[in-house]
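Notes follow once the structure below has been shown.
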Amino acid sequence: MRVEGLSVVVNGKTLLEGVSFSIKKGEKVAIMGSTGSGKSTLLRALCGFMPYKGKILYDNLDLKELDLSSLRSKIGYLTQESFILSGTIRENLLIAKPGAKDEELWKALQLSVCDFVKSLEEEVDEENRLLSGGEAQRLALARIFLKEPEILLLDEATSALDANTENTVLKNLFESFPESVFIVVAHRFSNILACDRAILLKDGRVVFDGDPKEAIEIFLSEHLQV
């Protein structure tokens, strides 16, 4: 994946400006920045959900020239707001992989630490009245394990999980998809340090791209200044 001079302007407001970077197959990249720095906008643009200027290239093919449905079939994109379908656990999982066998469904639930699920026929609802925020996020993550995407975009997708569960799920994701590209928006430093690189955004621009530990130090130095 390669991004060149990416800019996003919405209603006259610049959300991203001149963002450029490349990510190799199998690389895990954390996206950092304060609220409003452009993290979520960047991930939405990479999925084709935002109008933009510049280039977003997948296998040297411009996103604007690609069939979006085909591209999105290769992408696992999750935000902290988990989509839950009213119906059974089984029906929610089969969204990701229609025809999957029961053992595949249970394996995905295990990898996403859905230890609250006792039966595939349990009912859930789209209002999340039957699941906690963390349970909904883990169920959504189970779909990712079933989908087996080539590119994973995680925008605070584990924000409602406790630190130990979050670490376990991310470890399982990294180990399950060693050849996939990971782009992870996270605030916990442990998740950032688990990545190969960190890109630090400020006011919609890249101000650092490199070692995660150094990115954290820069981020902290700016926020601890009096």
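Over segment 84-144, what is the relative contact order in whole percent, taking alpha-carbon pairs under 8 Å and six or more residues apart?
On the way: 65 pairs, mean separation 31.8, N = 61.
Here the relative contact order equals 52 percent.
Apply the Karplus parameterisation 6.51 cos²θ - 1.76 cosθ + 1.60, with θ equal to phi minus 60°, to every residue of segment 196-210 and state each ³J(HN,Hα) to the nearest whole Hz, in sequence, with x for glycine and proline.
Each residue's phi maps through the Karplus curve to give 7, 9, 9, 10, 9, 9, 8, 6, x, 10, 7, 10, 7, 8, x Hz.
Taking Lys107 as the anchor, which aspartates and glutamates have their alpha carbon closer than 15 Å to its alpha carbon, excluding any fewer than eight residues away along the same chain?
Straight-line reach from Lys107, under 15 Å: Asp115, Glu148, Glu175.
Within straight cross-link reach of Lys213, meaning Cα distance under 21 Å, which lysines are found once same-chain residues fewer than 8 apart are removed?
Filter leaves Lys24, Lys28, Lys39, Lys171, Lys202.
Once the piece of chain linking Lys53 and Lys25 is laid out straight, how much longer is it, given 0.36 nm per residue of separation minus the C-alpha distance between them?
Net length gain for the segment: 7.7 nm.
Output ³J(HN,Hα) for segment 20-29: one whole-Hz value per residue in order, computed from phi by the Karplus curve 6.51 cos²θ - 1.76 cosθ + 1.60 with θ = phi - 60°, and x for Gly and Pro.
The phi angles translate into 9, 5, 9, 10, 7, 4, x, 8, 10, 10 Hz.
Cross-link partners among aspartates and glutamates for Lys101, C-alpha distance below 13 Å, same-chain residues fewer than 8 apart left out?
Partners within reach: Glu91.
Farthest toward the dipole's positive end in the chain, which of Phe208, Leu131, Ser70, given Cβ charges of +1 (Lys, Arg) and -1 (Asp, Glu) about the Cα centre?
Positive-end residue among those listed: Phe208.
Taking K and R as +1 and D and E as -1, what net charge do the other residues with C-beta under 11 Å from the C-beta of Asp59 add up to?
+1
Using θ = phi - 60° and the Karplus relation 6.51 cos²θ - 1.76 cosθ + 1.60, list the HN-Hα couplings for segment 54-60 in order, rounded to whole Hz, with x at every Gly or Pro.
With coefficients 6.51, -1.76 and 1.60, one gets x, 10, 10, 10, 10, 6, 6 Hz.
Mind ordering 35-43, 133-141, 52-60, 186-194 by average Cβ neighbours within 10 Å, highest first?
133-141, 35-43, 186-194, 52-60
Of the labelled options (1) -1.13; (2) -1.02; (3) -1.25, which one gives log10 I(q)/I(0) by the Debye sum over Cα atoms at q = 0.16 Å⁻¹ as computed for this structure?
(1)
Count the net charge of all other residues whose Cβ sits under 15 Å from the Cβ of Gly5, scoring Lys and Arg as +1 and Asp and Glu as -1.
Taking every Cβ under 15 Å from that of Gly5, the sum is +1.
So how much slack lies between Phe116 and Leu85, counting 0.36 nm per residue of separation and subtracting their Cα-Cα distance, in nm?
So the extension gain works out to 9.4 nm.
Counting other beta carbons within 10 Å of each residue's own, what order do Lys13, Lys28 fall into, fewest first?
Sorted ascending by nearby Cβ count, the order is Lys13, Lys28.
Around His223, under 12 Å between beta carbons, what's the net of Lys plus Arg minus Asp minus Glu among the other residues? Walk me through the intermediate numbers first.
Details: positive: Lys202; negative: Glu217, Glu222.
Net of charged neighbours comes to -1.
Where a number appears in this text, it was derived from the coordinates with a stated rule and is not lab data. The model shown is predicted, which means the values in this text are computed figures rather than measured ones. Glycine gets a Cβ as well: all are built from the backbone with ideal geometry, and neighbour counts include every protein chain shown.
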